[in-house]
Amino acid sequence: LEQVLHRLKPQKSKNLIVGSSTGDDAAVWQLDEDRALGMTADFITPVIDDALTWGKVAATNAVSDIYAMGAKPLMAINLVGWNSEELPTELLSEVLEGANQVAEEAGFVIAGGHTVEDPEPKFGLAIVGEVDPKNLLRNSGFRENDLLILTKKLGVGVITTAIKKQESTEEATDAAIASMLKLNDQAAKIAIESGATGATDITGFGLLGHLGRAARESKVDVEINVSEVPILPGARDLALAGNLPGGSKRNLEWVEAQLDVGSVEDVDVNLLADAQTSGGLLFGVEPEEVETTLNKLIEAEHDAAVIGRMNSGSGMIRLSSQCK
C-alpha cells in the first residue's frame with residue numbers, strides 16, 4: 001500500500017494537519033485553534049466464529065485508530081461485505097448488534113452504513129472523532145530518550161490462526177478474545193496525561209511494522225528488550241507449532257532493512273511482527289513519568305509494560321534478549 005500511495009500526488013490543505021504521508025492511524029482536519037476532527041476506516045474478515053463477538057472485535061479494532069491519535073470518537077457508519085446467498089441476515093444482525101454494544105460502551109453513535117455483496121464476509125466502521133490539536137498523538141511524535149510503553153500483550157494473530165486450524169487452547173482463545181475486546185480509550189487518556197506526543201496502535205503491521213514506520217517518521221532509533229514484551233498465554237507455543245499468519249511474515253520482510261535482531265530467537269522475532277487485530281497502544285513517555293503511567297494503566301486493567309527506549313537516529317530497530 002505504501003508503494004501505491006507513493007505513486008499518487010499528495011492532496012494538501014492548510015486544514016489537513018495529518019494526512020497519509022506519515023502513515024498515521026487516522027487523518028486529522030483542523031477546525032480551529034482548539035478543535036480538530038480525526039477520521040479513519042477499518043474492516044476485517046471474521047477472526048472468531050461467533051457473529052456477535054466478531055462485530056464487537058471489529059468495532060473495537062476500528063475505533064482504536066481514533067484513540068491512537070488522542071481523539072474521542074463521535075460518530076461511525078458500518079462498512080459491510082456480505083454473502084447473502086451463503087449467510088443468513090440474522091447473522092448480520094448479530095454482527096451489527098456487537099458493534100452497537102461497543103459504540104454504546106465507548107460513547108459514540110453508529111448512524112447507518114453501506115453494504116455490498118462479497119464472497120467473503122467483511123465488517124468494520126468508518127469513524128469520525130474530535131481532538132484538541134495540542135493533544136495529538138502522532139507517528140512523528142516519538143522523542144529521543146522516550147521509554148516505550150505497550151498496553152496489550154502480543155500474539156493475537158498467532159492465536160486466531162490456530163483457532164481457524166482448531167489447534168488453539170481454551171486458555172489462549174479466551175485470552176485473545178478478551179484482549180481484542182479491550183478498548184484503548186483509557187490507554188489514550190493516560191498517554192496524554194503522561195505528556196506523550198508519539199503513539200500508534202499495534203494492528204495489522206505488527207509491533208515491528210508500526211514501530212518501524214513511527215521510528216522513521218520521528219527520526220529516532222529504537223532498542224527493544226524482547227524479554228519485557230508481554231505475550232498472550234500459549235502464543236509462543238502455538239507459533240513454534242507453525243501457526244504464523246501470512247501477514248506476519250510479510251510484516252517481517254517489510255521491516256527487515258531497518259531491523260537488527262541480534263541473538264533473538266526466530267520465534268520471538270516472529271511474535272514481534274505478528275499481525276494483531278485490535279491490539280494495544282504503543283506510546284513514548286519521558287523516564288520520570290513511567291512509574292505513574294504504568295500504575296494508571298494497570299489500574300485500568302491494561303497488561304502494560306515498558307519494552308524499550310528511543311534514541312537519536314534514523315529509524316533502526318535493535319532487539320536485545322537480555323533481561324533487566
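Would you be able to tell me the number of residues in the stretch 109-152 that are out of contact with any strand residue (DSSP E or B) (no Cβ under 9 Å at 6 or more places or on another chain) and either open to solvent by less than 70 Å² (accessible area, probe 1.4 Å) or assigned to a strand (DSSP E or B) (or both)? Explain how you work it out, then say what you get.
Of the residues in the stretch 109-152, the ones out of contact with any strand residue (DSSP E or B) (no Cβ under 9 Å at 6 or more places or on another chain) are 134-135.
So of that shortlist, the ones also either open to solvent by less than 70 Å² (accessible area, probe 1.4 Å) or assigned to a strand (DSSP E or B) (or both) come out as 135.
Counting residues in the stretch 109-152 that are out of contact with any strand residue (DSSP E or B) (no Cβ under 9 Å at 6 or more places or on another chain) and either open to solvent by less than 70 Å² (accessible area, probe 1.4 Å) or assigned to a strand (DSSP E or B) (or both) gives 1.
Hey, does the stretch 73-85 have a residue that's open to solvent by 50 Å² or more (accessible area, probe 1.4 Å) and free of Cβ contacts under 8 Å to residues at least 40 places away in the same chain?
Filtering the stretch 73-85 down to residues open to solvent by 50 Å² or more (accessible area, probe 1.4 Å) leaves 74-75, 77, 84-85.
Then drop every residue that is not free of Cβ contacts under 8 Å to residues at least 40 places away in the same chain, which leaves 84-85.
Within the stretch 73-85, one or more residues are open to solvent by 50 Å² or more (accessible area, probe 1.4 Å) and free of Cβ contacts under 8 Å to residues at least 40 places away in the same chain.
What are the pairs, 6+ residues apart or on separate chains, where a residue within the stretch 44-60 that is under 15 Å from residue 156 (Cα atoms) has its Cβ under 8 Å from a residue that is among the hydroxyl-bearing types (Ser, Thr, Tyr)?
44/277; 47/160; 47/277; 48/160; 57/277; 57/278; 60/278
Among what's in the stretch 278-311 and is surrounded by 17 or more Cβ atoms within 10 Å (Cβ to Cβ) and polar (S, T, N, Q), pick the residue that is farthest from the chain's Cα centre (by Cα).
293
Keeping to the stretch 146-189, report how many residues are small (Gly, Ala, Ser) and without any contact (Cβ under 8 Å) to a residue 24 or more places away in the chain. First the steps, then the outcome.
Step one: list which residues in the stretch 146-189 are small (Gly, Ala, Ser), which gives 155, 157, 162, 168, 172, 175-176, 178-179, 187-188.
Applying the additional criterion that residues be without any contact (Cβ under 8 Å) to a residue 24 or more places away in the chain yields 178.
Here the count works out to 1.
Report the residue count in the stretch 153-184 for those that are touching a strand residue (DSSP E or B) at 6+ places or on another chain (Cβ under 8 Å) and among the small types (Gly, Ala, Ser). Please lay out each step first, then the result.
Residues of the stretch 153-184 touching a strand residue (DSSP E or B) at 6+ places or on another chain (Cβ under 8 Å): 153-155, 184.
Then keep just the ones that are among the small types (Gly, Ala, Ser); that gives 155.
Count: 1.
If you go through the stretch 312-319 one residue at a time, do you hit one that is more than 19 Å from the chain's Cα centre (by Cα), open to solvent by 70 Å² or more (accessible area, probe 1.4 Å) and at pLDDT below 95? If you could, list the steps in order and put the result at the bottom.
Taking the stretch 312-319 first, the residues more than 19 Å from the chain's Cα centre (by Cα) are 312-316, 318-319.
Within this subset, residues satisfying the condition of being open to solvent by 70 Å² or more (accessible area, probe 1.4 Å) are 312, 314, 318.
Add one more test, that the residue is at pLDDT below 95, and what stays is 312, 314.
Within the stretch 312-319, one or more residues are more than 19 Å from the chain's Cα centre (by Cα), open to solvent by 70 Å² or more (accessible area, probe 1.4 Å) and at pLDDT below 95.
Can you find a residue in the stretch 269-277 that is farther than 17 Å from residue 227 by Cα, polar (S, T, N, Q) and buried (at least 21 other Cβ atoms within 10 Å of the Cβ)? Spell out how you get there, then give the answer.
The initial filter retains those residues of the stretch 269-277 that are farther than 17 Å from residue 227 by Cα, namely 275-277.
From the residues that got through so far, the ones that are polar (S, T, N, Q) too are 276-277.
Those still in the list that are buried (at least 21 other Cβ atoms within 10 Å of the Cβ) too: 276-277.
Yes: the stretch 269-277 contains one or more residues that are farther than 17 Å from residue 227 by Cα, polar (S, T, N, Q) and buried (at least 21 other Cβ atoms within 10 Å of the Cβ).
Restricting attention to the stretch 250-259, does a residue exist that is open to solvent by less than 10 Å² (accessible area, probe 1.4 Å) and either at positive phi or modelled with pLDDT of 95 or more (or both)? Can you show your working first?
Kept after step one, since they are open to solvent by less than 10 Å² (accessible area, probe 1.4 Å), are these residues of the stretch 250-259: 255.
Imposing the further condition that a residue be either at positive phi or modelled with pLDDT of 95 or more (or both) reduces the set to none.
Checked against the condition, which is being open to solvent by less than 10 Å² (accessible area, probe 1.4 Å) and either at positive phi or modelled with pLDDT of 95 or more (or both), the stretch 250-259 yields no hits at all.
Does any residue in the stretch 229-255 that is touching a residue at least 40 places away in the same chain (Cβ under 8 Å) and within 10 Å of residue 155 (Cα to Cα) come within less than 8 Å, Cβ to Cβ, of a residue that is assigned to a helix (DSSP H, G or I) and charged (D, E, K, R) six or more places away or on a different chain, and which pairs are these?
Within 8 Å, the pairs are 233/171; 234/171; 236/268.
Of 215, 239, 172, 191, which residue is more than 20 Å from residue 49 (Cα to Cα), of a type in the set (A, V, I, L, M), open to solvent by less than 20 Å² (accessible area, probe 1.4 Å) and over 19 Å from the mean Cα position of the chain (by Cα)? It would help to see each step written out before you state the result.
Details: 215 fails: over 19 Å from the mean Cα position of the chain (by Cα); 172 fails: more than 20 Å from residue 49 (Cα to Cα); 191 fails: over 19 Å from the mean Cα position of the chain (by Cα).
Checking each option against the conditions leaves just 239.
The values are calculated or read from the model by the stated rules, or taken from the named source; none is laboratory data. Treat the numbers as computed from the prediction; the structure is a model and nothing was measured. Reconstructed Cβ throughout: ideal geometry from the backbone, glycine too, with neighbour counts over all protein chains shown. Note: accessible area is taken over every heavy atom of the protein model, side chains too, but ligands, DNA and RNA are not part of it. Shrake-Rupley method; radii C 1.70, N 1.55, O 1.52, S 1.80 Å.
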